[in-house]
């Protein structure tokens, strides 16, 4: 397809089709030019996390946003597994949230209630796994724009600076048990799930959130609507702003343990490597959009700010 014939691409869907479009553009031979094509989104799916994060809450706002064509830069992250490289724009889930999302696909006909049902199932039979997780704090990197360079050996797409490389002294490593791990590129995981108020569209980093807590704390997080529960409870959930992450299961789980990228099943892998690529693509968004809403780092005295619910973004001026 000759992309020069088009001004952009519009996805009338949920997050899944947007994920496919991002990967389709970045896996082209001419990816360096293809990545410049702006992506417009119209909410039409189950999760609509990207729509919520860009404050495109309904079709009226979506239509005006497309007409005005206001572009904003968007970080994209690469996920490297034994199967190769994929790209994401939303998040990476491991543990509880991944299991809820992917395992409930068997009852997708139920609609959004399938997630509530599987949340109960997984909390009643909570899985706890052990892993080695290493991350590179964003303040330890130059955080330059990815640019147009690539490695012929790795195929098309932006150069990955940390995949397959040895860890340096700048990395932090922790061997730990966990029940849930989130790696957030945007603030919202669904229309009502405000996971990370500190996530920004173009800061070149990912918000790493993880916990080893049990049912009460996990249930509270899952039931909190439009409140970033994890950010408000630093004793239960750990936060780090990272440029890259390397994760490896001590033992690959026999049940669960799948890698979830943007709501898509990436399969069972003992290890993964994730890296943020700053301002790699662009999306269409309302001109009044301001991200992030809260400053990083999330010092304790700043947590009360996160309790404030966002305004009714259906009135946002595109």
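The values are calculated or read from the model by the stated rules, or taken from the named source; none is laboratory data. Note that the coordinates shown come from a computational prediction; the quantities given were computed from them, not determined experimentally. Here Cβ is always computed from backbone atoms with ideal geometry, including for glycine, and neighbour counts include all displayed protein chains.
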Hey, residue 73 closer than 29 Å to residue 133 by Cβ, touching a strand residue (DSSP E or B) at 6+ places or on another chain (Cβ under 9 Å) and in contact (Cβ under 8 Å) with a residue 40 or more places away in the chain or not: yes
Condition broken by residue 227, with the remaining ones in (1) modelled with pLDDT under 90; (2) out of contact with any helix residue (DSSP H, G or I) (no Cβ under 7 Å at 6 or more places or on another chain); (3) more than 30 Å from residue 67 (Cβ to Cβ) satisfied: (2)
Some residue of segment 94-108 being part of a strand (DSSP E or B) and touching a residue at least 60 places away in the same chain (Cβ under 8 Å): yes
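Of everything in segment 146-164 that's surrounded by fewer than 14 Cβ atoms within 10 Å (Cβ to Cβ) and part of a loop (DSSP other than H, G, I, E, B), which residue is modelled with the lowest pLDDT?
147
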Residue list for segment 122-142, restricted to those being part of a helix (DSSP H, G or I) and more than 18 Å from residue 193 (Cβ to Cβ): 124, 138, 139, 140
Scope segment 45-64; condition farther than 19 Å from residue 91 by Cα and in contact with a strand residue (DSSP E or B) (Cβ under 8 Å, 6 or more places away or on another chain); matching residues: 57, 58, 59, 62, 63
Every residue from segment 131-145 that is surrounded by fewer than 15 Cβ atoms within 10 Å (Cβ to Cβ) and modelled with pLDDT of 95 or more: 132
Residues of segment 82-93 satisfying the condition of being assigned to a loop (DSSP other than H, G, I, E, B) and under 15 Å from the mean Cα position of the chain (by Cα): 89, 90
